[in-house]
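Comments concern the structure below.
Each reported figure results from applying straightforward, stated rules to the coordinates on display, with no laboratory input. Because the structure is a prediction, the values reported are computed rather than measured. Neighbour counts are summed over all protein chains in view; Cβ atoms, including those assigned to glycine, are modelled from backbone coordinates with ideal geometry.
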Amino acid sequence: MADTTKGEYYYGMGRRKTAVARVRLFPNGDGNVIVNGKTSQVYFGQREALTATAVAPLRLLEIAEQYNMTVRVVGGGTSGQAGAIRHGVARALLRINPEFKLALRKAGFLTRDPRMKERKKPGLKRARKAPQYTKR
């Protein structure tokens, strides 16, 4: 495994729900993905779809094997974290080559997903569920 702690890298920050990912892409790599100090297979466990989500921008551009990636991600659950990583990777790729923007935008990887958990309102049981209405 190549030493990814030193040298030039490209940075991108991604967000999804309450998860925040700080992504570093190291050129001349071999496709290694390190998330919070663990490989992506160990970090995401049996859910390989989450690893696929995280590296989707690299696969779209067919450059997944050319970069090593280290990620620090906090907050949210595993699905939101994978989405945050995908957003961060897409932003880092723009720093590498601005010509990637059209393909990444078309695939929807540059758009920050604004959906968040709605807060509970006073007088209601949950965000929208009201107490049962009784006429008499």
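In straight Cα distance, which lysines are under 28 Å from K120, not counting same-chain residues fewer than 8 positions off?
K17, K129, K135
Before anything else, pin down the relative contact order of the chain: Cα pairs under 8 Å, at least 6 apart, normalised by residue count, whole percent. Don't jump to the answer; show the numbers that get you there.
On the way: 244 pairs, mean separation 42.2, N = 136.
Value for the chain: 31 percent.
Pairing the Cα long axis of helix 78-96 with the longest principal axis of the chain, what angle in degrees results, from 0 to 90 and rounded to the nearest 10?
Between helix and principal axis, roughly 40 degrees.
Once the piece of chain linking V42 and D113 is laid out straight, how much longer is it, given 0.36 nm per residue of separation minus the C-alpha distance between them? Numbers along the way, then the final one.
On the way: separation 71, 0.36 × 71 = 25.56 nm, distance 2.60 nm.
Roughly 23.0 nm would be gained on extension.
For the stretch 24-34, in order, what is each residue's ³J(HN,Hα) by Karplus, 6.51 cos²θ - 1.76 cosθ + 1.60 with θ = phi - 60°, in whole Hz (x at glycine and Pro)?
10, 9, 9, x, 6, x, 10, x, 6, 10, 10
Tell me, what does the Kirkwood hydrodynamic radius of the chain come to in angstroms if you use every pair of distinct C-alpha atoms? List each step's numbers first, then the result.
Working: mean 1/r = 0.0621 Å⁻¹.
For the chain, inverting the mean 1/r across all distinct Cα pairs yields 16.1 Å.
Cut-off under 18 Å on the C-alpha distance; same-chain residues fewer than 8 positions from K125 excluded. Which lysines are left, in chain and number order?
K117
Not counting the cut sites, what is the longest span of the chain without GluC sites (Glu not before Pro) that DSSP labels loop and that have at most 13 other Cβ atoms within 10 Å? Walk me through the intermediate numbers first.
Numbers: sites that count: E8, E62, E118.
Value returned for the longest uninterrupted segment is 63-117.
Pull up the DSSP beta bridges for the chain and report the antiparallel fraction as a percent, rounded to 5. Mind showing how you got there, number by number?
Working: 17 of 20 bridges.
Restricted to the chain, the bridges split so that about 85 percent are antiparallel.
Set the Förster distance to 30 Å, then compute FRET efficiency between S79 and Y133 from the Cβ-Cβ distance, nearest 0.05.
Details: r = 35 Å, r/R0 = 1.18.
Given R0 = 30 Å and the Cβ-Cβ separation, E is 0.25.
Which order results if Y67, Y43 are arranged by neighbouring Cβ count within 10 Å, fewest first?
Details: Y67 25, Y43 21.
With the sparsest Cβ surroundings first, the list reads Y43, Y67.
Can you give the helix-only mean residue ellipticity at 222 nm for the chain, where every DSSP H stretch with n ≥ 4 adds -39500 (n - 2.57) and the sum goes over all residues, rounded to the nearest 500 deg cm²/dmol?
Working: 5 runs with 43 residues, N = 136.
Helix contribution divided over all residues of the chain: -9000 deg cm²/dmol.
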